[in-house]
Structures are given as structure tokens and as C-alpha cells.
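Visitor: Please find one structure pasted underneath; my questions will follow.
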Amino acid sequence: MITVEIHSNENRESYGFQISGHAYSGEPGRDLVCAGASAIAFGSVNAIGELVKVTPGIDQGEEGGFLSVTINPSDLSPEQNVRLQTILQTMVTQFYTMVASYGDFIELKYKMM
């Protein structure tokens, strides 16, 4: 199962996420749940770089199945924070959509920072 963990503070602002595991919903190279989760995650990372203009901390598993992304809130201006929150809220909405259809293969959790 793929686990998506959103890292949020007490104000429900998110400053990172971690994705781990494998969906095993299809044969390797044809696993649509894995492909969808990867597209959402990497699209979000790219949007953070392009629209927020910050480089997040990234830790990635060598053989796939793990991605950790962190952003230091103190490095952000108020405008950058608004953009970041919009990107991460959009990402969460996309993952909720996947969970609704493929809940046997992907789950979404929150972790307080």
C-alpha cells in the first residue's frame, strides 16, 4: 500500500509530505495507482519550485517507493506561503480523489509538525 503523510502545523498549514510504499495494483510498469501517485507528487514538487520559488528538501529512495519533501516555513514570505498552501491543498485533494477510488492501494494521513 502507498501511504501519503501530510506534515501540518496546528493551524492546518502544510510544509511537507512523505510518500512510501508500493500500490501493487498492477504489474510493475503498468501500475496505474503508483503512476498516479507519482505524477501528483512530482507535479507538486515542480510547482513548488516554479510558483513558490523555493527549493524544498527532498529525500528519495534509490529504488522508488519513498519520497520525502520538506519546506522550512521561516524561509517563506507571506505571499510564498499562500502559494505553497494552495499547491499542497490541491495535492491533498488529488490524493483524496485517488483514495476514494483506490482505497485498497493508497491511504492518506496527517502528521503534526
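Visitor: Can you give me the long-range amide H partners of residue 7? Hydrogens built in the peptide plane at 1.01 Å from N, cutoff under 5 Å, separation of 5 or more residues or another chain.
Guide: 15, 16, 17, 18, 111
Visitor: Suppose the chain between residue 50 and residue 97 were pulled fully straight at 0.36 nm per residue; how much longer would it get relative to their current alpha carbon spacing? Display every interim value, and only then the final one.
Guide: On the way: separation 47, 0.36 × 47 = 16.92 nm, distance 2.44 nm.
Once the chain is fully extended between residue 50 and residue 97, it gains 14.5 nm.
Visitor: Extending each Cα 7 Å along its Cβ direction at residue 30 and residue 70, get the distance between those two points in nm, one decimal.
Guide: 4.0
Visitor: Give me the net charge for the shell around residue 19: Cβ to Cβ below 13 angstrom, other residues only, Lys and Arg +1, Asp and Glu -1.
Guide: Numbers: positive: 109, 111; negative: 5, 59, 107.
In short, -1.
Throughout, read-outs are computed from the coordinates displayed, never taken from laboratory work. All values reported here derive from a predicted model rather than from experimental measurement. Neighbour counts run over all protein chains shown; Cβ positions are idealised from the backbone, glycine included.
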